[in-house]
Structures are given as C-alpha cells and as structure tokens.
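The values are calculated or read from the model by the stated rules, or taken from the named source; none is laboratory data. What you see is a predicted model; the values in this text were computed from it and never measured. Here the Cβ is made from the backbone with ideal geometry for all residues, glycine too, and neighbour counts use every protein chain on show.
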Amino acid sequence: MKPWMPIVTFVLFAIFGGRYYVCKIKRVCDTYPAVVASAKKAKAPITFNWSSETPVINGADSLIQTLSEGLGEGQVIQITGRYFNDEDNNTDFQDLGLARASHVKAMLEEVVDPQKIRILSEGEDGLSADHQTAFESVAFDIIDIDASKAEILDLGDKIVILFPYQSIEKEPNAVIDEYLDRLADELKTNGAKVVITGHADNVGSARKNKAIGLRRAKNIRDFLIKKGVSRKAIVTKSKGDTEPVATNDSPVGRHQNRRVEITIK
C-alpha cells in the first residue's frame, strides 16, 4: 500500500461522511436563505393623473431625443392622447385626450418642427377607482405624410390647414370640419375677428400662386359664412409662394407650403 493512501481515504471519509450526517441525519442540507431577485418597475416617462391634462414628467428627455432622431424625411410624429370617458374635462379642448396630447406636443416642439407633429385622441371606458396613481395616457407613432390629403395643424398662435396639390377647396375632413364649426361658434359668440391667409408652393408663376392662395383663404371664409359668421368679421389675404415654411424641392415640403393660416384677433 502506498504511504499516502490512508490519508486520502481519511479525507474522503471526512467529507462524504460529514455531508451524509448533515443531510440525512440532521436534514439541514442546503438550507441556505433563498435569494429573490427583485426588479423595480420603471416609471413611464410621461403620465397623467385622473381628470388632469398636465403631464407628470419622469425623465422624458431620452424619449424626446429618440423620437426626434427617428424622424425621417416625409414623416411626422403622431401623438395620441388617451382618456377615460368618466374623466372630467375642464379644458377648452374637445376632450381630455387632445388636451394631454397638446401639452406633450409643446414639449416636443423644443426639438421638433411643430409642423411635423400631429395630435389626436382616443377614448375608452375606465373608473377613477382603478387609477388612483398617475397612469400612461399618451402614445407615439412615426408615420408617413400623405401629401394628397388635407390636414389641420394647431401651432398654438394659429391654425394651419394644409391642402393637396393644385387644390383650392377644403376636402371633406371630420377634424377640419369640427374645428371650423367650433371657430364659427366662437366668432359668433364673442364677436372676435379672424384673419385667413392663403399660401402656395412655388409650382407655377408668382401671380398664379398668389391667386391660388387667395382662393384657398376665401374657401375657408365661405365655409364660416355658411355657419353664420358675419363677412365683416373675416379678413382674407394671400402671400402666394413668398413665405414658404419648408423646402419646395420635395413633395412633403410643398405640401406644408400649400396652406391656409387662421389667426383670431
């Protein structure tokens, strides 16, 4: 027998014998405290409280940067403001969803051209008892612009209606019609005046484009008159192609330049 074998045998006996005693006799084998991994749920960057249009900000800089950097040529950011039908709407907006989207739009305008932001709303059923803390209520999408369609943009100090190519008439559009209905009611109620300025892209002569811009402005004026607004409360004018807000070298840019701007005085 090798001289070291008794030592090895003793060591192995001590190891396995001790383990057998602990596990089988004492029955405390591997009774280590359980380690439970806990992951704290990250807060949404923009949330809202019940019946409030004011956003609760939880570090939205990264989100805003991602949206602005992801915006390509011919694309816009669409903000959908969500609301529950049981929430109280104490804003001047049609619903709380539009009010929320408008607040978030103002945040994005610090880094994104306002004409590249669209807002809309979406309602659903819900109870205040289920939303005692701030909850997510806005969604973001980057979408392609359809230059063949009319659009309405709220730029804060004015409303802009975009026109399709060579169009001088407002297309049937529920959002635009709803805004013009509200504008007509406002003008009839408070006696305010409105300035409607038509614009065009640079396709064609300057004289033709000025005439197109004026016809666009008068088209909106006639819509308001049919809703009962006094002709004296409306001023129409045209800038033609002299005040572009985007390049005329692309279909998307020309679409943004074919517009009517509505300003209440």
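Points worth noting:
Residue-by-condition table, conditions (1) at pLDDT below 85; (2) among the aromatic types (Phe, Trp, Tyr); (3) farther than 25 Å from Pro251 by Cβ; (4) outside the structural domain of Thr247 (by TED's automatic domain parsing):
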residue: Ile77; (1), (2), (3), (4): no, no, no, yes
residue: Thr80; (1), (2), (3), (4): no, no, yes, yes
residue: Tyr83; (1), (2), (3), (4): no, yes, yes, yes
residue: Asp86; (1), (2), (3), (4): no, no, yes, yes
residue: Asn89; (1), (2), (3), (4): no, no, yes, yes
residue: Asp95; (1), (2), (3), (4): no, no, yes, yes
residue: Ala106; (1), (2), (3), (4): no, no, yes, yes
residue: Glu110; (1), (2), (3), (4): no, no, yes, yes
residue: Lys116; (1), (2), (3), (4): yes, no, no, yes
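- Filter result for Asp222 (assigned by TED's automatic domain parsing to the domain that holds Phe163, within 19 Å of Asp92 (Cβ to Cβ) and charged (D, E, K, R)): no
- Scoring Ala192 on the criteria (1) assigned to a helix (DSSP H, G or I); (2) touching a strand residue (DSSP E or B) at 6+ places or on another chain (Cβ under 9 Å) leaves a single failure, condition (1).
- Leading residue by the ranking (modelled with the lowest pLDDT) among those in the stretch 218-265 that are outside any helix (DSSP H, G or I) and among the hydrophobic types (A, V, I, L, M, F, W, C): Ala246
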